[in-house]
Amino acid sequence: MNRHLQVEGDAAVFARALSELFVELDVEFPASTLAAVARVDTDGFGDFEFLRTRLNETHFVASRSEALASQSRHNHFYIACVLSGGLEVCQSNRRIELHASDIALLDSSLGYQVHVRGAHDVLWIRVPRHRLEGRLPLPMEVTAQRIDGAAGEGRLVFTLLQATLDELGEISQQHALRITNTLLDLFALCLETPAEPSGGRSDLMLRRVQNYIESHLSDANLSLARVAQQQSVSVRYLNKLFAKEGSSAARWIRTRRLERCRLDIESPDMTHRSISEIALSHGFNDASTFNRAFKSYFGVTPRSLRAKRP
């Protein structure tokens, strides 16, 4: 359902409005700014939500603290596409300047800051976590990364986003999923995953563990004991690493398997494979256990999800 809102007022007004539209945020205006005006247009597209923010000449900082993120029920990615003007984005110890045609990724499960300086027109796309995470081996390493939408693969993404925005009312929901799959595939190509993860020693270890798990998800015999042995750590330390991201090692393995299964179930190239075959190929060895886990995580059964696919 599309909505057209106008937000006008001080920092408290903007904090309430942006928290309702996006995720829980704090907003701070500089002393020289008493009020600001913004127009926000929202519309659904498949299981995405498009939020377009147009602001007057104003300055403020929208912050999502780690405390807010850890207590939040929201767990999405946001793709920011700057149509005009600019802003500054900070996340995961990275700070980037975005200008017209630039694109970047933010993770709502982590803290971040968005610095607004002057008038701008920005399209924010709320993407369910499972839709993008399955395409990114190390999501934390690609947030707050500037993509140049004026050249190369970035230009393809920017052009597709603009065209989709212009045609939102003309595209049927049954075709939206296929378009968003193409968009996410292109977007993932634009993101550069560093050869070595950033961060401290424990962060480096966590990324190595996750990389090992990613390459062995199809093995139904993958266990925490085996992962710990391969990485020369204890199971207890393994879970301590994942606790930093609000998870456990076992939960992370199951989640990644479920996300991979969903990608295959939604893929037009996988219609020849049964749901049971897909589950088995990603490490599940019991169909009923897989179906219950899938329904619990995604809120829909694998069979009904496949039936909705165009």
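The values are calculated or read from the model by the stated rules, or taken from the named source; none is laboratory data. In this text, all values refer to a predicted model and were calculated from it rather than measured experimentally. Virtual Cβ from ideal backbone geometry, glycine too; neighbours counted across all protein chains shown.
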Options Leu206, Leu186, Leu156, Leu177; residue that is touching a Leu at 6+ places or on another chain (Cβ under 7 Å) and either among the aromatic types (Phe, Trp, Tyr) or modelled with pLDDT under 90 (or both): Leu206
Criterion: exposed (fewer than 15 other Cβ atoms within 10 Å of the Cβ), of a type in the set (Asp, Glu) and out of contact with any helix residue (DSSP H, G or I) (no Cβ under 7 Å at 6 or more places or on another chain) - qualifying residue of Glu167, Glu141: Glu167
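Yes or no, residue by residue, for (1) modelled with pLDDT under 90; (2) within 26 Å of Ser70 (Cβ to Cβ):
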site	(1), (2)
Asp219	no, no
Arg226	no, no
Ala249	yes, yes
Thr255	yes, yes
Arg262	yes, yes
Pro268	yes, no
Gly283	no, no
Among the candidates Phe29, Phe45, residue that is touching a strand residue (DSSP E or B) at 6+ places or on another chain (Cβ under 9 Å) and more than 30 Å from Phe298 (Cα to Cα): Phe29
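Could you tell me which of the residues Ala11, Ala35, Ala69 is surrounded by fewer than 19 Cβ atoms within 10 Å (Cβ to Cβ), of a type in the set (A, V, I, L, M, F, W, C), over 15 Å from Val122 (Cα atoms) and modelled with pLDDT under 95? Outline the logic, then answer.
Working: Ala11 fails: surrounded by fewer than 19 Cβ atoms within 10 Å (Cβ to Cβ); Ala69 fails: surrounded by fewer than 19 Cβ atoms within 10 Å (Cβ to Cβ).
Just a single option satisfies the conditions, and that option is Ala35.
Residues in region 125-139: is at least one at pLDDT 95 or above, under 30 Å from Phe242 (Cβ atoms) and not polar (S, T, N, Q)?
Looking only at region 125-139, we keep the residues that are at pLDDT 95 or above, and these are 125-126.
Filter again for under 30 Å from Phe242 (Cβ atoms), leaving 125-126.
Imposing the further condition that a residue be not polar (S, T, N, Q) reduces the set to 125-126.
Yes, there is a match, as at least one residue in region 125-139 is at pLDDT 95 or above, under 30 Å from Phe242 (Cβ atoms) and not polar (S, T, N, Q).
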